[in-house]
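> A single structure is presented below for examination.
The values are calculated or read from the model by the stated rules, or taken from the named source; none is laboratory data. Keep in mind it's a predicted model, so treat the numbers as computed, not measured. Neighbour counts are summed over all protein chains in view; Cβ atoms, including those assigned to glycine, are modelled from backbone coordinates with ideal geometry. To get the accessible areas, we keep the full protein, side chains included, count just its heavy atoms, and leave off ligands, DNA and RNA. Shrake-Rupley method; radii C 1.70, N 1.55, O 1.52, S 1.80 Å.
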Amino acid sequence: MGVVSEFRFGKPELEYRFRDKNALCNYLLDSTYEYAKVKFSYEDWSKPLWDVVAVAWVLGGDTMLMRTIPSPIPQDDRTYGMDPNRHPIGYVYYVKKDPIAADLTAKLTK
């Protein structure tokens, strides 16, 4: 959450990037705004686009910084335990918003 939650967009940036570019962009914006009406009680909201970062990770490239760590162990109190003997995983610790957002904009507005 700490990394992907930084890939946030507010209404002004969404409008600038996607409004009236095509029917799909307008649909996605309108759906996001309907969600925001229910979720947020204030006008100046921003929303992380979680799934976009997952797709960017699958596509690869130089959009994220990663390191290898032992796999964490989920705990009952919503924390994670660590054991250096567990199998390794790739841990993303930084997401480069601008190149991912540029790629998303280019692909959605074609």
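> Would you compute the Debye intensity of the chain from its alpha-carbon atoms alone, equal scatterers and no solvent, and pass along log10 I(q)/I(0) at q = 0.18, 0.19, 0.20, 0.23 Å⁻¹ to two decimals?
Once normalised to I(0) and log-transformed, intensities are -0.97, -1.03, -1.09, -1.28.
> Quote the relative contact order of the chain in percent (integer), defining contacts as alpha-carbon pairs under 8 Å separated by 6+ residues.
This gives 31 percent for the chain.
> A further question on this structure: Please name which of 42, 88, 59 has its Cα lying farthest along the dipole of the stretch 40-96 towards the positive end, using unit charges on Cβ (Lys, Arg +1; Asp, Glu -1) and the Cα centre as origin.
Positive-end residue among those listed: 88.
> At a 1.4 Å probe radius, carbon and sulfur cover how many percent of the accessible area of the chain?
Using a 1.4 Å probe with all protein chains present, the chain comes out at 57 percent carbon and sulfur.
> Using the Kirkwood formula over every pair of different C-alpha atoms, what hydrodynamic radius in Å results for the stretch 27-81?
One decimal place: 14.9 Å for the Kirkwood radius.
> Only Lys, Arg, Asp and Glu count, each charged at its Cβ (+1, +1, -1, -1), so figure out the dipole size of the chain about its Cα centre, rounded to 20 debye.
Computed about the Cα centre, the dipole is about 200 debye.
> Further, regarding this structure: If you take the square roots of the eigenvalues of the alpha-carbon gyration tensor of the stretch 49-110 and sort them as a ≥ b ≥ c, do you get rounded (a/c under 1.5), prolate (a/b over b/c) or oblate?
prolate
> Leaving out ligands and nucleic acids, note down the accessible area per residue over the stretch 1-61 with a 1.4 angstrom probe, in whole Å².
69 Å²
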